[in-house]
Amino acid sequence: MPNKLNIIGCGRLGRTLARLWGDAGVFEIGDINDHTLDKSHAAVAFIGGGRACGHTADMRAADLWLLAPPDDRIAVCCEELVASAPLAAGNIVFHCSGALSSTVLSTAAARGATVASVHPLKTFADASAAVLTFNGSRCAAEGDAAALSVLQPAFERIGAQVFAINALAKTLYHAASVMMCNYLTALLETGARSFEAAGLPRDEAMRMVEPLVRETLDNVFAMGPARALTGPIVRGDVEVVRRQVEALTVLDPHVAEVYRSLGVIATQLAAAQGAAKPAALAAIEALLQRPRA
């Protein structure tokens, strides 16, 4: 008989994992508490199993407890679990936050539970889509060895590739993930706004730039960032960069600051590529770092 899994905070990530584990027979899905009873029923319907609960105190015993609320609620949910639910010594309590370590579950550990964190390096914008695309996802794991001895094979059975991470490095690890995923989305939005200011309708601009963006990403992962870099900075075109900084500053100083900050990184990549003259790159870097008037 599979171990029973209860979930507190069953949003897109929790629903995705529970659906995959339930369908694969990895865990028996037990009680689901997603903040309100209506949300819990919706989660159970998506998962295809489990029992909806409106409060942590209504939850029954289980072998594993996944705490998957927003990050700032994980410690509170853990305290509620310890205070009002049948948590037993030897139970596994874990979360899937990339920003927090398993130490945030210390109240459960003090009760004799083993604790861990396993963070899927994946977007969960839509749970139905995530169920279909989870296979192959990389997952960063840390915590008690006894907990990981159960969780690692459980994630691997639904297609994950689990790797160890130092709990003390999770803030930088997650910041890197945010910049390369969430901030990529925000960067594309700054470009879309600039296209609109140039007179191009947003939908048309997004269709126009999509092949360029996809090709750029392919080049970055195939050749590395330095070799993939193209554009005025890698050519050492100081005047083009100057005019663009001026135009963006008039449009939106925040967008101009994004251009400046990323441009400094681009000058470093251009130097590594070696095509532009060092003097031109130095002039561009000085221009980009110049304080705004």
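The values are calculated or read from the model by the stated rules, or taken from the named source; none is laboratory data. Here the structure is a predicted model, which means the values were calculated and not measured. As a convention, Cβ positions derive from the backbone with ideal geometry for all residues, glycine included, and neighbour counts pool all protein chains shown.
Of everything in segment 222-234 that is exposed (fewer than 15 other Cβ atoms within 10 Å of the Cβ) and touching a residue at least 24 places away in the same chain (Cβ under 8 Å), the residue that is farthest from residue 286 (Cα to Cα) is 227.
Scan segment 135-161 residue by residue and report those that are surrounded by 16 or more Cβ atoms within 10 Å (Cβ to Cβ) and either not in a strand (DSSP E or B) or not assigned by TED's automatic domain parsing to the domain that holds residue 27 (or both). Answer for segment 135-161, where residues must be surrounded by 16 or more Cβ atoms within 10 Å (Cβ to Cβ) and either not in a strand (DSSP E or B) or not assigned by TED's automatic domain parsing to the domain that holds residue 27 (or both): 137, 144, 147, 148, 150, 151, 152, 154, 155, 158, 160.
For segment 72-97, the candidate set comprises residues that are closer than 19 Å to residue 43 by Cβ and charged (D, E, K, R); within that set, the residue that is surrounded by the most Cβ atoms within 10 Å (Cβ to Cβ) is 80. Note on segment 184-199: among residues that are farther than 15 Å from residue 251 by Cβ and among the hydrophobic types (A, V, I, L, M, F, W, C), the one that is surrounded by the fewest Cβ atoms within 10 Å (Cβ to Cβ) is 186. The residues of segment 116-128 that are among the hydroxyl-bearing types (Ser, Thr, Tyr) and in a loop (DSSP other than H, G, I, E, B) amount to a single one, 123.
Selection within segment 36-66: residues that are touching a Leu at 6+ places or on another chain (Cβ under 8 Å) and in contact (Cβ under 8 Å) with a residue 60 or more places away in the chain. The member of this set that is surrounded by the fewest Cβ atoms within 10 Å (Cβ to Cβ) is 63. Test residue 286 against the criterion of being surrounded by fewer than 12 Cβ atoms within 10 Å (Cβ to Cβ), more than 32 Å from the chain's Cα centre (by Cα) and over 21 Å from residue 194 (Cβ atoms), and give yes or no. In short, yes. Considering only segment 14-31, I want to know if a residue exists there that is farther than 18 Å from residue 124 by Cα and modelled with pLDDT under 95. Scanning segment 14-31 turns up no residue that is farther than 18 Å from residue 124 by Cα and modelled with pLDDT under 95. With respect to the stated conditions, residue 266 fails to be touching a Ser or Thr at 6+ places or on another chain (Cβ under 8 Å), within 18 Å of residue 179 (Cβ to Cβ) and not basic (Lys, Arg). Restricted to segment 248-278, and to residues there that are free of Cβ contacts under 8 Å to residues at least 24 places away in the same chain, more than 16 Å from residue 187 (Cβ to Cβ) and of a type in the set (A, V, I, L, M, F, W, C), the residue that is surrounded by the fewest Cβ atoms within 10 Å (Cβ to Cβ) is 250. Restricting 104, 93 to residues that are modelled with pLDDT of 95 or more, under 26 Å from residue 25 (Cβ atoms), in contact with a helix residue (DSSP H, G or I) (Cβ under 6 Å, 6 or more places away or on another chain) and of a type outside the set (Lys, Arg) narrows the list to 93.
What is the number of the single condition among (1) touching a residue at least 12 places away in the same chain (Cβ under 8 Å); (2) more than 22 Å from residue 121 (Cβ to Cβ); (3) touching a helix residue (DSSP H, G or I) at 6+ places or on another chain (Cβ under 9 Å) that residue 196 does not meet? Status for residue 196: all satisfied but (1).
Summed over segment 70-115, residues that are of a type in the set (Asp, Glu) and not in a helix (DSSP H, G or I) total 0.
Taking only segment 19-34 into account, find how many residues are assigned to a loop (DSSP other than H, G, I, E, B) and surrounded by fewer than 17 Cβ atoms within 10 Å (Cβ to Cβ). Residues that pass the stated criteria total 1.
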